[in-house]
1. Given the conditions (1) hydroxyl-bearing (Ser, Thr, Tyr); (2) surrounded by fewer than 16 Cβ atoms within 10 Å (Cβ to Cβ); (3) closer than 30 Å to Met33 by Cβ; (4) in contact (Cβ under 8 Å) with a residue 40 or more places away in the chain, and given that Thr182 satisfies all but one, which numbered condition is not satisfied?
2. From (1) in contact with an Asp or Glu (Cβ under 6 Å, 6 or more places away or on another chain); (2) loosely packed, with under 14 Cβ neighbours inside 10 Å; (3) closer than 27 Å to Tyr56 by Cβ, pick out the condition that doesn't hold for Arg156.
3. If you go through region 222-238 one residue at a time, do you hit one that is at negative phi, among the polar types (S, T, N, Q) and under 15 Å from the mean Cα position of the chain (by Cα)?
4. Name the residues in region 56-76 that are modelled with pLDDT under 90 and in contact with a Leu (Cβ under 7 Å, 6 or more places away or on another chain), would you?
5. Just name the residue that is farthest from the chain's Cα centre (by Cα) out of those in region 79-137 that are loosely packed, with under 14 Cβ neighbours inside 10 Å and among the aromatic types (Phe, Trp, Tyr).
6. Looking at Ser217, is it loosely packed, with under 13 Cβ neighbours inside 10 Å, under 15 Å from the mean Cα position of the chain (by Cα) and not hydrophobic (A, V, I, L, M, F, W, C)?
7. Give region 149-164 a look and list any residue that's assigned to a helix (DSSP H, G or I) and hydrophobic (A, V, I, L, M, F, W, C), or say none.
8. Give Val167, Val251, Val239 a once-over and let me know the one that is of a type in the set (A, V, I, L, M, F, W, C), assigned to a helix (DSSP H, G or I) and closer than 30 Å to Leu36 by Cα.
Amino acid sequence: MLRIVWAVGWADFVLKYRGSFFGYLWSLALPAMKFLVIFHVFRSFVGGEIENYPLYLMLGLIVWEYFARVTHGCIAMLRHKEGVIQKVPFPRLILIFAVGWTDTIVFFTHCLIFLVLAWMMHVSPALLSFYTPLLLLQMLLLFLGTGMLLSAYSLRFRDIEHIWSMVLQVLFWLTPIMYLYTLHSPLSRQAKDMAAGNLPSTAWGLLDTFITFQPLSILIHDTRRVVLYSQTAGVPSAVHAAIFTAFCFLVFAAGTALFRYRSTYFLQEY
């Protein structure tokens, strides 16, 4: 199965850019333009507060683009592979994993650009940290799990793809990509206070709480702590890593179970 996923994912990667003049450079254009525009606008507001702000911003954008590409790719996959799905019986999960592999290739090349930027700024990111493989595992579990949850009903409800595009636009601004992620106390303590009934009393407070606890915020913050600020902020604790990894696994397990159940109806819903 791994060989099939590898072959299908690599073939999709090659075919996507075959025939275009700039080829793979198109996959770099969007994050590069976002980086340049956001850096120009926000550097005067938060650039002085955040150490190595260009790298802070670039790393956040790389993780965000990975998430957006995987989830959107999972939704669109059933439509793009309609001919294969209708003609050949095989586990549909292969196509989901192929999407993850294709976008992981793009993610790694974006990381190379990040390394070039770090080299230009004379910064040595800790990409070889023991925590780095765990971060990649968390990303794959969370992103593929979310993608499968959305993809499972994308044929029955064709509006899901359009709705998710709108959600991504909103979620982009509700994720601390270009601004500082602030924690007034540890997440566990804040969660205990909320469980005890100490909830925000205003809409703005609820919005801040969402930004603090939504999984992408936590994942991007952990990635920055490991890669950029391990010397000053320290890496996430073992308890934090275990709890968040378990959460990502639950999302992946739920997505896998729902997608496998719904896959029996795909042929009827085309």
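1. Only one criterion is unmet by Thr182, namely (4).
2. Tallying (1) in contact with an Asp or Glu (Cβ under 6 Å, 6 or more places away or on another chain); (2) loosely packed, with under 14 Cβ neighbours inside 10 Å; (3) closer than 27 Å to Tyr56 by Cβ, Arg156 fails exactly one: (3).
3. Looking through region 222-238, at least one residue is at negative phi, among the polar types (S, T, N, Q) and under 15 Å from the mean Cα position of the chain (by Cα).
4. Of everything in region 56-76, nothing turns out to be modelled with pLDDT under 90 and in contact with a Leu (Cβ under 7 Å, 6 or more places away or on another chain).
5. Phe90
6. The answer is no for Ser217.
7. Of the residues in region 149-164, the ones assigned to a helix (DSSP H, G or I) are 149-151, 160-164.
Within region 149-164, Leu149, Leu150, Ile160, Ile163, Trp164 meet the criteria.
8. Numbers: Val251 fails: closer than 30 Å to Leu36 by Cα; Val239 fails: closer than 30 Å to Leu36 by Cα.
Result of the check over Val167, Val251, Val239: Val167.
The values are calculated or read from the model by the stated rules, or taken from the named source; none is laboratory data. The structure presented is a predicted model; accordingly, all values stated were derived computationally and were not measured. Because the Cβ atoms are built from the backbone with ideal geometry, glycine has one as well, and the counts that use them run over all protein chains shown.
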